[in-house]
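Visitor: Have a look at the structure that comes next, please.
Each value in this text was obtained by applying a stated rule to the coordinates, not by laboratory testing. Remember, it's a predicted structure, so these values are computed and weren't measured experimentally. When we count neighbours, we look across all protein chains shown, and the Cβ atoms used for this are built from the backbone with ideal geometry, even at glycine.
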Amino acid sequence: MATNDDHHHIENDPDFKGLKVNKGVENAPSINPNLSKRLVKRKRQLSVDEYVEGILAGNVTVLSRAVTMVESALPQHQEIAQQIIERCLPHAGNSTRLGITGVPGAGKSTFIESLGMHIIKKGGKLAVLAIDPSSERSKGSILGDKTRMEKLSGEDNAYIRPSPSAGSLGGVARKTRETIILCEAAGFNTIFIETVGVGQSETAVHSMVDFFLLIMLAGAGDELQGIKRGIMEMADAITINKADGQNVDRAKLAQAEYKSALHLFPPTKSGWEPQVKTCSSLYHKDVDKVWEMVLEYIQLTKGNGYFDDNRRSQAKYWMYESINEQLRNHFYHLAHIKEALKETEAQVLNDKKSSFVAAKELLDNYFKNI
């Protein structure tokens, strides 16, 4: 005869010969009862003074925590971050800021590691930052880069920081620019800003660096296709990577093609004539020449006054960008605007109201109630 316990499982019925299902154990509690007895260690929130002192002392752990505050969307974190930035600003600005972009597969990671190791061997301190507003969709590359740049990430004088993984390009770019200030205050005298996507992010990078480098490949079809004219115009130099083995001749041919193409663009405001170099990051061949060229550019532009003028223009540009971003955020986060947006959007979709009239009404509503 079956017991009560047996009847918990139909398989234990006498009709199912040869089957036996044992009674299960009760669910274990989801929370460890001994947890309350333990001391749960949490990171103590540092004061603004402690953040600033740590950064100025070159403490990378404190720097990383400060960058996390910069990237946070919480208002209280933003308030602390802005105080830290304000205090670090007088200690910033003493670095060479290099923007690096390139077509997918051009070997940006290998190039950054090779050039970075060269700079560190020369006694430099390097921070590698990224702008990647699309990483949630494309999964980006800098997180992978950090694991690929094994030598560089193991160096005491190197700091690699992935970009915030979400947010608008303007927001990510502003946070990257603020991170530059903190890195410079921490004593990093060379900053690489890598752009992962292609398109608008190049413009954002160009607006925060001293030198803009475009990395290309040879032998990948028509070299002048697949790269926007605007990006070519922004470049202070083009480097053709992977110029090794059987690819050397193709790299030289591509170099000649790019030189011809660059001559078609109007002269630069900096007085610098954009150059085209070839290198092999994998074999560390001619990478040092790329760095010599960057230093040559810095010397020229500091001499003719363009370097400081450009930095001042960039600071003004980011002031207006910050105003635009904060106004936009304030508008979209107001409760009565959120409510009005749903209704107005439906009217626009149903052709009951034009886009322009709808926008004007929403803005009038915003200004009336702030």
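Visitor: Calculate the spin-label point distance for V357 paired with E150, positioning each point 7 Å from the Cα along the beta-carbon direction, and give it in nanometres.
Guide: 6.6 nm
Visitor: Hey, another quick one. Under a crude label model (7 Å from the Cα following the beta-carbon direction), how far is Y317 from N369 in nanometres?
Guide: My value for the distance between the label points is 3.6 nm.
Visitor: List the equivalent ellipsoid semi-axes of segment 268-370 in whole Å, largest first, each obtained as the square root of 5λ for an eigenvalue λ of the Cα gyration tensor.
Guide: Those come to 51, 19, 13 Å.
Visitor: Pull out the extension gain between F265 and F331, defined as 0.36 nm times the separation in residues minus the alpha carbon to alpha carbon distance; nm, one decimal.
Guide: Working: separation 66, 0.36 × 66 = 23.76 nm, distance 4.07 nm.
Between F265 and F331, full extension yields an extra 19.7 nm.
Visitor: How big is segment 45-91 along each principal axis, measuring the range of its Cα positions in Å and listing the largest first?
Guide: Computed over the Cα atoms, the extents are 27, 21, 15 Å.
Visitor: For K125, what residues show an amide H to amide H distance below 5 Å, using hydrogens built from the backbone and excluding near sequence neighbours?
Guide: N189, T190
Visitor: What are the residues whose amide H is under 5 Å from the amide H of I100, where those residues sit 5 or more places off or on another chain and H is modelled from the backbone?
Guide: Answer set, sorted by chain and number: I193, E194, T195, L213.
Visitor: Shifting gears a bit: Check which residues have an amide H placed less than 5 Å from A243's amide H, if you skip close sequence neighbours.
Guide: C279, S280, S281
Visitor: Still on this structure: Going through the cross-link list K175/K368; K122/K316; K175/K289; K151/K242; K259/K302, which pairs have a Cα-Cα distance over 27 Å in this structure? Intermediate values should be presented prior to the final figure.
Guide: Working: K175/K368 31 Å; K122/K316 33 Å; K175/K289 31 Å; K151/K242 19 Å; K259/K302 25 Å.
Beyond 27 Å between Cα atoms: K175/K368; K122/K316; K175/K289.
Visitor: Can you run phi through the Karplus equation (6.51, -1.76, 1.60; θ = phi - 60°) for segment 264-276 and list ³J(HN,Hα) in whole Hz, with x for Gly and Pro?
Guide: Working through the residues one at a time gives 7, 7, x, x, 7, 5, 6, x, 9, 9, x, 10, 10 Hz.
Visitor: Apply the Karplus parameterisation 6.51 cos²θ - 1.76 cosθ + 1.60, with θ equal to phi minus 60°, to every residue of segment 303-312 and state each ³J(HN,Hα) to the nearest whole Hz, in sequence, with x for glycine and proline.
Guide: Going residue by residue, I get x, 9, x, 5, 3, 5, 4, 5, 5, 5 Hz, with x marking Gly and Pro.
Visitor: Apply the Karplus parameterisation 6.51 cos²θ - 1.76 cosθ + 1.60, with θ equal to phi minus 60°, to every residue of segment 88-94 and state each ³J(HN,Hα) to the nearest whole Hz, in sequence, with x for glycine and proline.
Guide: Result, ordered by residue: 7, 3, x, 9, 9, x, 9 Hz.
Visitor: Can you tally the net charge around T190? Count Lys and Arg as +1, Asp and Glu as -1, for every other residue whose Cβ sits under 12 Å from the Cβ of T190. Before the final figure, lay out the partial values.
Guide: On the way: positive: R97, K122, K125; negative: E184, D210.
Local charge sum for T190: +1.
Visitor: Applying 1/(1 + (r/R0)^6) with R0 = 41 Å to the Cβ-Cβ distance of A73 and D244, what FRET efficiency is obtained, to the nearest 0.05? Before the final figure, lay out the partial values.
Guide: On the way: r = 45 Å, r/R0 = 1.09.
FRET efficiency, A73 to D244: 0.40.
Visitor: Using 0.36 nm per residue, how much length does the chain from N310 to D286 gain when fully extended, once their Cα-Cα distance is taken away? Numbers along the way, then the final one.
Guide: Values: separation 24, 0.36 × 24 = 8.64 nm, distance 2.85 nm.
So the chain would gain 5.8 nm between N310 and D286.
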